[in-house]
Every structure is written in structure tokens, then in C-alpha cells.
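Colleague: The structure's right below; bear with me while I get my questions together.
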Amino acid sequence: MMYETVMDIDQLLNRLYAYQPEADLGMVRKAYEFSARAHEGQTRRSGEPYVKHPVAVAGVLTSLKTDVTAIVAGLLHDTLEDTVATADELQKEFGKEVVRLVDGVTKIGKITFRSSEERQAENFRKMVLSMADDIRVVIIKLADRLHNMRTLEHLKESKRHEIAKETLEIYAPLANRIGIGWVKNELEDLCLKHLNPDVYETLRVRVAKRDEDRQQYIQEVRALVENALAENGLVGTVNGRPKHLYGIYQKMKKQSISFEEVYDLTALRIITDTKMNCYALLGVIHSLWRPLPGRFKDYIAIPKSNLYQSLHTTVVGPKGEHVEFQIRTEEMHRVAEYGIAAHWKYKEQGRVQDKDSKAFGWLRQFIEWQQDLPDNRQFMDSVKLELFHDVVYVFTPKGTVKELPKGATPVDFAYAIHTEVGDHCVGAKVNGKIVPLKHEVSSGDTIEILTSPNQTPHKDWLKFVRTSRAKTKIKHWIKSEEQKRSLEIGRRLLEAEFRRHGLAPSQVSKSDALLELAKQEGYATIDELAAAVGFGHVATAQIVGRLIAPTSEKSTAPSESGPVSKVASGRGTAASVQVKGGRDLLMQLSRCCNPVPGDKILGYITRGRGLTIHSVECPNLGALDYDRDRLVEVEWDTATPGQHAVNIAVIAEDKTGVLANVSSAIAESDANISRAEITTREDRKAELDFVVEIADTNHLSRVLKAIERVDGVITARRLRSWRGKA
Ligand code: MN
């Protein structure tokens, strides 16, 4: 790399002198000697004398071309924390400003981003405050972290992972935010190396191989560009670009594409003298080779938020290969590499000049926030949202951080803690206030989940949860619960049907004959068959009919009288209605009011669909009143009794057994259940909807009374589709 580690003080002084000849080199040497003395006897994990570390950190600072004060502070950055040296001593030898910088770096070093929320918030604030107060503190800290990452292999694996994760989550985004591109890239590559060594090594080898294969091609393109520039009287240096392995890895992961697809292009950078010549150069490139549509980006006219500027374009180069160009001025290159450090003009006190502070509006905003938001938590929200936008970080009451996707709700949080917590959550407190379960949580929120053993997952939750974990768990629960309930209902229905036909349920339920029948129907066990009955997929009459068919021909007859599947569709037959005057008409019972014998009825002659029988109370009939000619008087034919399907709605306490008891109450009133559906409401009541076959209104009221006698039932009523509309 272009920014290799500085190994000793002479090398450091040379580097500083190279860009700042007027610098006080004596002061730098003095700081080195102070640091070496203070750290005397201390060694790094590598076994080297400790002072090599501060020298290397100061070396990184020369790569960033910082001022002498920052370099002196870099040399001394660990003396307050790790040696007997005091702030007073430092101040006497090097002045107030250096002490302030070293102190700031020491404070940031104490931040553990893994600790409790309050500490995180407080420390994050300190960190940003120190940054707003003097950005050099953060730059020194980044240099410190960079050298630690460069020498991470000397630590044991768990520690390496811990530091690399923190770097990836906090320091690399920070470096990016202040625009120090190469530090961000190197930090990320080092993180990849330690967190995912196999991937790192594979990519490193492949990139090296690829670059080797490409050398000749790159030379060819370079020569062509340089010739063209000379012909047009333009200056510019053409270079390859350092490879960012983590960037390649991210692209492969995000877009699920292969290494070849990501890396199948030659990338070159041209640095020229003026902004105007950037565009002139772009014109030259585009006249040499055809640009790829959609790949031109003008970051000069519209700089990135971290002030990055360049022109980007991709062209179809020699041999039809894609070549990507970045075109920028020397100054733009400095900003891309050094970010905020490139802009910072150090005057006394390390304050920024007005012109530059305007450019870093976001930084000024931090200072303003600090004044407006006395609450740490709120402050941390703002800061974190700046750094991370796709995720929110929330806290358990004990201060453990949970990462959730943006838009997540307390239910997602509950499932992130434990399935049991999710399954039984009834409410949540966010920062001490009760919120609805679909409330959207924000970064920094402390969330407490309220649970109740009676609570169960709700279908509605699927509408607002964001994590796939929560979705999966809720669906799983609903499915297994439906299975359980169907089995329970199915068993009851079958038992009632057996009894009706004089069969002993206890014997039949376990009989080989029933198992055989289940298998014929495609179910592995009797329970599966019962569940299918409970779901309404199989009719009880169908089963009982086939069970008793071989032994007695006669007994099949009653089961044929009311094929359940037909009744279950909710439509009754109109065979038992007589029309006064004896007109021969096609008839059907209306679906809207679904009249049964006992209800007062009227017929309405529809166009093309014959006679529809309505209940006289039906509001639809009222609407048809204008066409009186079409109304016909009809009455029930009591001579030929039949089965009629009605909808019954039952509200009951949502407790175990209620359902089964209601089902058997219906069955014991000689009514057949052809369909049952259960919904749990939010007030912990259950709504049971049945389709029941009854003979007439008298039979119906007997059934309703029987249901209402069941313990736990609140109301039972006949449901008609027009109810509620009226
Ligand atoms: Mn250090």
C-alpha cells in the first residue's frame, strides 16, 4: 500500500518534513523521547517495545498530513492511560492543546460500544463532542485503531473478533463519514481478514492473479490515454487503483454475483490540474471509446455528503473490455483520501476556518444537537441514525442491545428475545410508556415486553412484524393451533355422528375399520382424518356412511338424505317451498337472509334465475319493493321436512374446552355441524362461527338455547349476512 507503517522516529521526521518543512521537528523528537521513557519496559503483544505503536500512529497521521500538534499528541496518546505520566507533566512539556487531544483520545478509548445503553449514550456523546470540539481527537483515534488493526494477529481469536466487529460497526463508518476513504477501506479489509479469513485470502489471491493477468492490458490503455491527452494538450497522470477487497466482497454478497462479475473490469484513475480539464479529459476518453449508458456520474457538480468529488465513467475499451475511469483534480484526490483532514486548516486552538466549517454542516449540526437535546438517549438516536440507516438499535431493560430492521415493532423485539416472550406478549412499554404492539421502535428505545400466559400469537401480527423470525414463529403457532383445534372439533363431530347411528364412539374411534377408511381417504392416521373433518375437508356423513355400509344396506339411507358437502356450501334446497297458485318456477333460497322453515317468507321472481325465496324481514326484499309485480306469496311445505344450513355465531370466553363443549351441545340437539371456524379476539374472547344443519326455526332455537347453557358461552345467535348492514 501507499501508506506503509512508519517504523522509527527518523522516518517519521522525514515524512513530516516532506509536507511541512517549517514544522517544529525538535518538539516531535522531544515527544518521542518522552513517550519512549514513559513506556519503557512495556512491550506489545508482538514482543516489540511499546513505543513502536505511538510512532506508527504518528506515522499514520503524517499520511493524513496533519499538523505537528496532532503528531505530538499521537506520539503521546497512550501515556495518560498506560503510564505514570500525568496531565500536568504533559502540559508543562507540550502545552494545553496537546493535553486536551491526548485526554480526548484516552476518553474515546474507554468507550465500550457493547455496554449498557446509558453508558453507550453518554460515551457516544463524549466522543462526538470531542470530535466537534476538535476533530483531531477523532483522527488520532482512527490512526490508533488503524495501527491496532494492522497488528491484530498478535491477539487471541476472541479478542480479534471483538475488536474487528467494533471497528466494522463504529470506526469504519466514522472514517467514511469524515471522508477518509483509504482509512475506511483499509479498516474494512483488515476486519474482513480477521472476521472471515478464508474469504479474505481467496479474494486476495484472486485479485492479485487478475491484476497480474491484466498488467499488459492496463499498460496498453494507459498508453492510449496518455497519447490522447498529449495530442489535446492536456496534463494528467493515469494510475491503477488500490483494491478494496471488502468492497468486492460486499458487492458479491449484496448482488449475489460472482467474483468475475464484480471484478470483470479494469479500473483506472486520472488526476489532472483543473476542474475544467476533468470535463475536457472526459470528452477525450469518450471520443476514444464508447461510454456505457447509465454509468456516467458527475460527483463534481454534485459532491457526495462527505465532500467526495470525481467524474466516473465506464467505457467499452480495447478488445471490447469494460474500463472504468475516475477523473479528478489533485485537490479532489486529497479530499477523497483525507476527507475532513484535507480541509482542516489549523489555526490556533485547532478551530476550523469559517469556509470549511460551512462545508461540514453535519458536524455543526452535532454541536447544535448537543445544545438542543439534553437527553442522552435522544442525542444518541440522532448520532446513530447518522451512522446507520437500515437498522435500529434498541435496548432491553437490562441494557442489552438488540439490532432490528428499521420499522420493527415490539413484537419483533419480543421474538428476538425468546419465542415464549413473543408468543405471550400482550403489550410493550417503550421508554416507560405503554405503546401498541404495532408501534414502530426507534434507535435508543428501551423496550419492556409485557406478557400474559393466556396470550397467544395473533394473525394480525403478521401485518406489522418486520423480522422473518417473528413471521415464522407466528405462522408456526397459528398452524399448529389450527391443527389442534381441528382435531378437537373433528373428533367431537365424528363421535356425535357415531352416536346418531348407534355406534359406540369409544370403540369406533379406535377401530381398524376407521383407520382403513382414513388411509383410503389419504390420511395416515385416524387423528389426521379427524383433523380433516374439523377443517371441513371431509364430511362426517361420508365417513359414517361408508363405515356402516358393508354391514347394513339400509342404514346408508339417512346419510344420503343430507350430503354435508352440499349443505356446507351455505345454500339450502328450495324443494320444501310451495308457491301459492302453483306456478312452476325454478326456486332457490336467497343467500342474503337464508330463510329456514318457520321464517316468514316471500318469493321474488328474478330475471333468468327463477324464484328467489327471501325472509320477509330481509332488507334486500325491501329494496326490491318497487317491483311489486314480481313478488309472489310462498309458504313452507311442512310435509317434506329437510335439512337447512344456518350460520350461528357464538361469543365465548377463550378457554380450553369451550369449543368442544359447544360442538357437543350442538350435536346433542340433533343438529349437524358442517363447518366451524374459530377466531380469537383481542379482548380474549373467542368467536365461534358454525354452519349448522337444522330442520326449522324451532329446532334452531333449541340449538341456540343448548349452546347458551354451555359454561363460558356469552351469546349464541343466528347470523345472517345482512345483519349489521341494517
Ligand atoms: Mn494506542
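The values are calculated or read from the model by the stated rules, or taken from the named source; none is laboratory data. Predicted model only: the values in this text are computed from it and were never measured. Note: ideal-geometry Cβ built from the backbone for every residue, glycine included; neighbour counts use all protein chains shown. Note: accessible area is taken over every heavy atom of the protein model, side chains too, but ligands, DNA and RNA are not part of it. Shrake-Rupley method; radii C 1.70, N 1.55, O 1.52, S 1.80 Å.
Colleague: If you check Gly572 against the conditions, is it at pLDDT below 80, under 28 Å from Glu708 (Cα atoms) and open to solvent by less than 30 Å² (accessible area, probe 1.4 Å)? Before you say what the answer is, go through the steps one by one.
Modeller: Working: at pLDDT below 80: yes; under 28 Å from Glu708 (Cα atoms): yes; open to solvent by less than 30 Å² (accessible area, probe 1.4 Å): yes.
It is true that Gly572 is at pLDDT below 80, under 28 Å from Glu708 (Cα atoms) and open to solvent by less than 30 Å² (accessible area, probe 1.4 Å).
Colleague: Can you pull out every residue in the stretch 231-270 that is of a type in the set (A, V, I, L, M, F, W, C), more than 19 Å from Gly317 (Cα to Cα) and either touching a residue at least 60 places away in the same chain (Cβ under 8 Å) or in a helix (DSSP H, G or I) (or both)? Lay out the reasoning, then the answer.
Modeller: At the first step, the residues of the stretch 231-270 found to be of a type in the set (A, V, I, L, M, F, W, C) are 234-235, 238, 245, 248, 252, 257, 259, 262, 265, 267-268, 270.
Pick out the ones that are also more than 19 Å from Gly317 (Cα to Cα) and you get 234-235, 245, 248, 252, 257, 259.
Those that are of a type in the set (A, V, I, L, M, F, W, C), more than 19 Å from Gly317 (Cα to Cα) and either touching a residue at least 60 places away in the same chain (Cβ under 8 Å) or in a helix (DSSP H, G or I) (or both): Leu245, Ile248, Met252, Phe259.
Colleague: Scanning the stretch 488-519 for residues that are closer than 24 Å to Ile678 by Cβ and of a type in the set (A, V, I, L, M), which turns out nearest to the chain's Cα centre (by Cα)? Spell out the reasoning first.
Modeller: Kept after step one, since they are closer than 24 Å to Ile678 by Cβ, are these residues of the stretch 488-519: 488-500, 505, 509, 518.
This time we only want the ones that are of a type in the set (A, V, I, L, M), so: 489, 493-494, 496, 518.
Values: Ile489: 38, Leu493: 44, Leu494: 45, Ala496: 49, Ala518: 43 Å.
It comes out as Ile489.
Colleague: Can you tell me how many residues in the stretch 521-569 are at pLDDT below 80, more than 17 Å from Glu693 (Cα to Cα) and β-branched (Val, Ile, Thr)?
Modeller: Final tally of qualifying residues: 3.
Colleague: Of all the residues that make up the stretch 392-442, how many are of a type outside the set (A, V, I, L, M), outside any loop (DSSP other than H, G, I, E, B) and under 14 Å from the mean Cα position of the chain (by Cα)?
Modeller: Final tally of qualifying residues: 8.
Colleague: Something else: For Arg222, which of the numbered conditions (1) among the charged types (D, E, K, R); (2) over 44 Å from the mean Cα position of the chain (by Cα); (3) exposed (fewer than 15 other Cβ atoms within 10 Å of the Cβ) fails to hold?
Modeller: For Arg222, the exception is condition (3).
Colleague: Out of (1) crowded, with 21+ Cβ neighbours inside 10 Å; (2) within 23 Å of Tyr217 (Cα to Cα), the odd one out for Glu324 is which?
Modeller: Unmet condition: (1).
Colleague: Please specify each residue of the stretch 148-159 satisfying the condition of being part of a helix (DSSP H, G or I), within 16 Å of the ligand (Cβ to nearest atom) and in contact with a helix residue (DSSP H, G or I) (Cβ under 8 Å, 6 or more places away or on another chain). First the steps, then the outcome.
Modeller: We begin by selecting, within the stretch 148-159, every residue part of a helix (DSSP H, G or I); these are 148-150, 152-154, 157-159.
Now restrict to residues that are within 16 Å of the ligand (Cβ to nearest atom): 148-150, 152, 154, 159.
Residues satisfying the conditions are Asn148, Met149, Arg150, Leu152.
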